[in-house]
Each structure stands twice: as structure tokens, then as C-alpha cells.
Amino acid sequence: MPQPIVQSTGRRKRAVARVRVHRREGEGEGTITVNKRPLTDYFPSKTHIMVLTEPLRVTETTEQYDVDATLAGGGPTGQAGALRHGIARALIEIDPELRPVLKRAGFLTRDDRKKESKKYGLKKARKAPQYSKR
């Protein structure tokens, strides 16, 4: 495997993606590998694949780079969002002129929404037990 051009990190919810981008050698599509597995094996949902490949499609660099990612924590949606964030950050490190395009699309902003923690005396973060008058 060739040396990575850049390494970056993307985060969403509890998911963390460590992304390494390599320059594409030869013709054909750039491959995306997640936890040493092909992209379609790791993310069977077409929606998640569409979400995480958006930065490459917006910047028209789909065939130019191979992406190798290590994902940890969270669920599939959070991991896809974290991978999108990491890929967008890596593309900016490679070519700073792509920043306005990715910024306009909203891929550089870290989505900081997380699960609200449970409060004592309640069943969930906000759900209270049923009130009984008698």
C-alpha cells in the first residue's frame, strides 16, 4: 500500500473516523476501504454510501484518490457522517483551493449534536414516569 498523502480525523455523535488518503495509481475508480473491508461490505445502505462520498463528488475527485479509513464507535449513520467529515478535511489538506466548495456544502462543520444524557428520576433524558393523582 502506498504512503498516504494526508491523514485526518472526522467525528460525528460518538463515531470517530481516522482517514488516510492516497493518490490513485492507474485507471479506474478510486477505492474506499473501511476497517480493511470494501465500502459496500461495511455500509450495505446506499444512503450511507451516498453521504460519505459527497465530498469526493462535489469536488469531482472521485477517481483521483483512494481512501483508507478506520472507524470506531457510534452507529452506521454517525460513522458515515464522521467519514464524510474526515474525507472533506483530508481534501482540504491536499488542495486548499477546494475549501470554498466544501465549506459551502457544509462538509467542514463538525455536527456536534449528541445524545442527551439521562436525568435521575426520569426514564430517559426527558421522559417522566406517568403521573398518578391518587
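The values are calculated or read from the model by the stated rules, or taken from the named source; none is laboratory data. This is a predicted model, so every value here is computed, not measured. All Cβ positions, even for glycine, are placed from backbone atoms using ideal geometry, and neighbour counts span all protein chains on display.
Among residues that are over 13 Å from the mean Cα position of the chain (by Cα), exposed (fewer than 11 other Cβ atoms within 10 Å of the Cβ) and under 21 Å from residue 43 (Cβ atoms), residue 134 is not included. If you go through the range 1-21 and keep only what is at pLDDT 90 or above, farther than 13 Å from residue 86 by Cα and exposed (fewer than 15 other Cβ atoms within 10 Å of the Cβ), you end up with just 14.
For residue 127, indicate whether it is assigned to a loop (DSSP other than H, G, I, E, B) and either at pLDDT 90 or above or closer than 27 Å to residue 24 by Cα (or both).
Numbers: assigned to a loop (DSSP other than H, G, I, E, B): yes; either at pLDDT 90 or above or closer than 27 Å to residue 24 by Cα (or both): yes.
Yes; evaluated as a whole, the condition is true for this residue.
For the range 62-69, the criterion of being closer than 29 Å to residue 116 by Cβ, in contact with a Lys or Arg (Cβ under 8 Å, 6 or more places away or on another chain) and acidic (Asp, Glu) is met by none of the residues.
Annotation note: Cβ proximity below 8 Å between a residue of the range 112-134 that is within 19 Å of residue 13 (Cα to Cα) and of a type in the set (S, T, N, Q) and a residue that is surrounded by 10 or more Cβ atoms within 10 Å (Cβ to Cβ) and at pLDDT 95 or above (sequence gap 6+ or interchain) occurs for 117/125. For the range 50-74, a tally of residues being over 23 Å from residue 25 (Cβ atoms) and either out of contact with any Gly (no Cβ under 8 Å at 6 or more places or on another chain) or free of Cβ contacts under 8 Å to residues at least 24 places away in the same chain (or both) returns 7.
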